[in-house]
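Have a look at the structure below before the remarks.
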Amino acid sequence: FENSWNPNRSHEKYNYGWPFVIPKISESAYVLDVGCHTDSAHGRLPNNRVYGIDPAGKNADFVGTILEFEHPEKFDVAVSWGAINFGSQEKIDAEKKIEPKDWMPDGYRSHLIRQISQHAHSEIIGMQPEGNWITRAPSLRAKMILLAKVQDEAGHGLYLYSACETLGVTRDELNKQLHEGKAKYSSIFNYPTLSWADMGAIGWLVDGAAIVNQVSLQKTSYGPYSRGMIKICKEESFHQRQGYEIMTEMANGTKEQKKMAQDALNRFWWPSIMMFGPHDSDSPRTGNAMKWKIKRKTNDELRQNFIDKTVAQADLIGLKIPDPDLKWNEERGSYDFGEIDWDEFWNVVNGDGPCNEQRLNHHKKAHDDGEWVRDAVKAYAKKSA
Ligand code: 3HC
């Protein structure tokens, strides 16, 4: 902080100094200058309506921290120059992580709340299609692996909800948005899981797509999200491998097993590439997401990356990607692929997919059934406080 804020540097040189603030506040406003240092702000406001506190500023009106500070009067405005000048676009451009206490453009905050909460909802709702096969797993080993994976997804949801809460939103609010249809979750989880091979297809394709997306998100500009991604990516690789192992075994198994694996690939291939979102040209959020370095690669870049790495994996186990237009393009060094059915995509995103109602009702019921657990935790916390 000391080497970012130079008390002798005039406020005019900062994006958000007194010249920016004064026109925005009323003449009669009583202003608290938090971290005023020995700031000479006092002459700047009519009738000197500013009170400065600073733990290190010996000329401050109150020498101490905001936590120790008490005052008989109410303040209309509080400014904290350090916070509002250092979470800037320059900081993002300089690849410094934005942390919860940094100032951030309102748009940045709301964009992150949207993306991280929907990411978290996806992790939790994503437990349902796979949870459906825990009691039906073909062996104890398969059951244990699937249990571990589904449990991981719950943990991923927790990391992401916690990262989202650092932006000033509560878990209850996020759940309410999901239950009221005001928040989305990934379209992929609105498809049914009809056979054991679907567990393989989900691990291989859905977690494979998630890895491509999340490896890129490890470099996102928001600190808590980036750190959550680093943790999640470590576990995601296990998810993808366990799925590919199921598909490999079945593709090399009996005729019926190979047919089951190919059927799962046929049903999950296109919904998996839809996970990356609309084409960049139709993606209203990508512009800001890239400017603020929330996203580091665009939807189409990530989708292409996923396709290029997955086709070889399918070939290796003798399964066929269900896209007649899939063709290696030597010039581009990538696969050309067929047109995505965007009507299907938007239908599913907008709630008319095969399992949307079932997934949301299940989430609501689980949330209601868990009320007593939350009450017990609160009662215990109160008792032990
Ligand atoms: N499913 C549902 N909604 C989708 C979607 C999809 N596959 N793709 C895009 N959308 C929504 C967006 O949320 C946005 O809606 P909103 O404005 O109401 O939020 C709208 O469609 C327009 O899309 P944009 O491309 O403009 O939106 P984004 O820039 O946010 O890009 C995204 C969409 C690529 C999903 C991006 O939000 C992202 O990378 N999110 C983080 C990763 C994530 O959520 N992954 C979901 C799967 S989680 C998972 O797979 C867990 C694994 O363990 C199984």
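All of the numbers you see were taken from the coordinates with simple rules; none came from a lab. Since the structure is predicted, the reported quantities are computational estimates derived from the model, not experimental observations. In this analysis, Cβ positions are derived from the backbone assuming ideal geometry, glycine residues included, and neighbour counts consider all displayed protein chains.
With kT/(6 pi eta Rh) evaluated at 25 °C and eta = 0.890 mPa s, and Rh the Kirkwood radius from Cα pairs, the chain diffuses with a coefficient of 102 µm²/s according to Stokes-Einstein. Once the Cα atoms are used to define both axes, helix 140-165 deviates from the longest principal axis of the chain by about 20 degrees. Taking HIS119, HIS362, HIS279 in turn, the Gaussian network model of the chain (Cα-Cα springs below 10 Å) assigns the largest fluctuation to HIS362.
Listed by Cβ neighbour count within 10 Å, with the fewest neighbours leading, LYS295, LYS91, LYS184 appear as LYS184, LYS91, LYS295. As a calculated quantity, the FRET efficiency between ALA385 and ALA137 at R0 = 30 Å, using C-beta atoms, amounts to about 0.10. How many percent of the alpha carbon pairs in region 284-385 exceed a separation of 16 Å? Here the tail beyond 16 Å accounts for 76 percent of pairs.
Dipole magnitude for the chain: about 720 debye, using +1 per Lys or Arg Cβ and -1 per Asp or Glu Cβ, origin at the Cα centre.
Sorting 250-261, 18-29 by average packing, meaning the other beta carbons within 10 Å per residue, from highest down gives 250-261, 18-29.
Of all beta bridges DSSP finds with both residues in the chain, what is the antiparallel percent, to the nearest 5? If I count the DSSP bridges inside the chain, around 25 percent turn out antiparallel.
In degrees between 0 and 90, to the nearest 10, how far off the longest principal axis of the chain does helix 255-274 point, with axes built from Cα atoms? Tilt of helix 255-274: around 30 degrees. Summarising the overall dimensions of region 194-319 from its C-alpha atoms, the Rg and Dmax are 15.8, 51 angstrom. Per-residue ellipticity at 222 nm computed for the chain from its helices equals -16000 deg cm²/dmol, with DSSP H segments shorter than 4 residues left out and the rest contributing -39,500 (n - 2.57). Taken along the Cα-to-beta-carbon direction at a fixed 7 Å, the label points for ASP263 and CYS233 span 3.7 nm. Relative to the current alpha-carbon distance between LYS309 and PHE69, full extension at 0.36 nm per residue lengthens the span by 80.6 nm. Seen against the Cα atoms of the chain and their longest principal axis, helix 223-251 is set at about 0 degrees. In the elastic network of the chain, a GNM with C-alpha springs shorter than 10 Å, the most mobile of ALA120, ALA183, ALA197 is ALA183. Comparing ILE145, ILE53, ILE98 in a Gaussian network model of the chain where C-alpha atoms under 10 Å apart are linked, the largest mean-square fluctuation is found at ILE53.
For region 184-255, the spread of Cα positions along the three principal axes, ordered from largest to smallest, is 49, 25, 13 Å.
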